Amino acid sequence: MSLKIDKALVSADWLFKNLNNENLVILDASISKVIAGNEEISTYNKQCIKGAIYFDIKNTFSDLKAGFPNTVLSPKEFEESAQRIGICKDSCIVVYDDLGIYSSPRVWWMFQLMGFKNIAVLDGGFSHWKYKKYPTEYLENYPSKKGNFTASYQPQRIKFTNDVYSAIENKTILIVDARSKGRFYAKAPEPRLTIKGGHIPNSVNLPYTEIIENGMLKSEKELKLIFNTLSKKKKAFIFSCGSGITASILALGAELSGIKNHAVYDGSWTEWSSTEGLPIKK
């Protein structure tokens, strides 16, 4: 029987219960936290959830020809890359990372962008899985049969610099920045030292850490309170961050709180602050 996911977040208990389902695909999307520009992670002797496949956000699933980090692939490129790691139309995907909730929501958002809904993030990630003493192994590059995944691009899920510039004075749209308050107000340096400090005019700050507790997303009740407080008038949301990773955490939180009209600014602050002539607030 095909496994279906009805929410964007699943528990370690749920995953363990369904671990042997034939259409389950587990993706390890771990990257290192952005500290002084280092986001690479070694997969050598890397522990993972039993049966997991490594999902390489930084290389395979980013456009390396683009001028900014983590730029999403074209639908055709994404489709081909997903097929190469065995993703099928009827796959049920659970994605996790080593840091609890960090890079895995980016993968959830990518698949949403490509029109694939049967995917969820593992709450608490690998650390919570290990805490529960569920089975692990060393990451291997399993020879996988090519999948038949097809992309169905959903342009409403992504925003570009021109869209964000137009949204600054649009009172029906709220731009929300997931970076720390220090970075938002240019009181703390950016991890990428060449990037200016500050924020997009008329944007508000919701550090992604404020919707996470002990490596797990806050409850749906708490998330609803946070997002409803941000926008009592039910505005559309555009989420931004440094380079599109933690903005996706806010997108996941918004989805779980019942908000459907949300998008991620793919280039985020790295692109905005590097583009000549765009306004910056501090």
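The values are calculated or read from the model by the stated rules, or taken from the named source; none is laboratory data. The structure presented is a predicted model; accordingly, all values stated were derived computationally and were not measured. Virtual Cβ from ideal backbone geometry, glycine too; neighbours counted across all protein chains shown.
Summary of values
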| quantity | calculated |
| --- | --- |
| Cβ pairs under 9 Å, 6+ apart, first in the stretch 145-167 and assigned by TED's automatic domain parsing to the domain that holds CYS92 and more than 17 Å from TYR265 (Cβ to Cβ), second part of a loop (DSSP other than H, G, I, E, B) and of a type in the set (Val, Ile, Thr) | GLY147/ILE85; GLY147/ILE87; ASN148/ILE87; PHE149/ILE87 |
| GLU137, sole failed condition from (1) closer than 29 Å to LYS260 by Cα; (2) among the acidic types (Asp, Glu); (3) touching a residue at least 60 places away in the same chain (Cβ under 8 Å) | (1) |
| Considering residues of the stretch 243-259 that are touching a residue at least 40 places away in the same chain (Cβ under 8 Å) and among the β-branched types (Val, Ile, Thr) only, the residue farthest from ILE226 (Cα to Cα) | ILE245 |
| Verdict on ALA151 being surrounded by 13 or more Cβ atoms within 10 Å (Cβ to Cβ), in contact with a strand residue (DSSP E or B) (Cβ under 7 Å, 6 or more places away or on another chain) and not hydroxyl-bearing (Ser, Thr, Tyr) | no |
| Flag for LYS89 being at pLDDT 95 or above, charged (D, E, K, R) and outside the structural domain of GLY253 (by TED's automatic domain parsing) | yes |
| Single condition PRO69 does not satisfy, out of (1) farther than 19 Å from ASN21 by Cβ; (2) surrounded by 17 or more Cβ atoms within 10 Å (Cβ to Cβ); (3) modelled with pLDDT of 95 or more | (3) |
| Selection within the stretch 154-180 - more than 20 Å from the chain's Cα centre (by Cα), crowded, with 16+ Cβ neighbours inside 10 Å and among the small types (Gly, Ala, Ser) | ALA167 |
| Filter result for the condition that a residue is surrounded by 15 or more Cβ atoms within 10 Å (Cβ to Cβ), in the same structural domain as ILE168 (by TED's automatic domain parsing) and in contact with a Ser or Thr (Cβ under 6 Å, 6 or more places away or on another chain), over THR270, THR246 | THR270 |
| So LYS187, is it basic (Lys, Arg) and more than 21 Å from the chain's Cα centre (by Cα) | yes |
| Residues (touching a helix residue (DSSP H, G or I) at 6+ places or on another chain (Cβ under 7 Å) and part of a loop (DSSP other than H, G, I, E, B)) located in the stretch 161-196 | ALA178, ARG179, ALA188, GLU190, ARG192, ILE195, LYS196 |
| All positions within the stretch 70-95 that are part of a loop (DSSP other than H, G, I, E, B) and touching a residue at least 60 places away in the same chain (Cβ under 8 Å) | ASN70, THR71, VAL72, ILE85, GLY86, ILE87, CYS88, LYS89, ASP90, SER91 |
| ARG183 being among the basic types (Lys, Arg), surrounded by 14 or more Cβ atoms within 10 Å (Cβ to Cβ), within 22 Å of LEU278 (Cβ to Cβ) and at pLDDT 95 or above | yes |
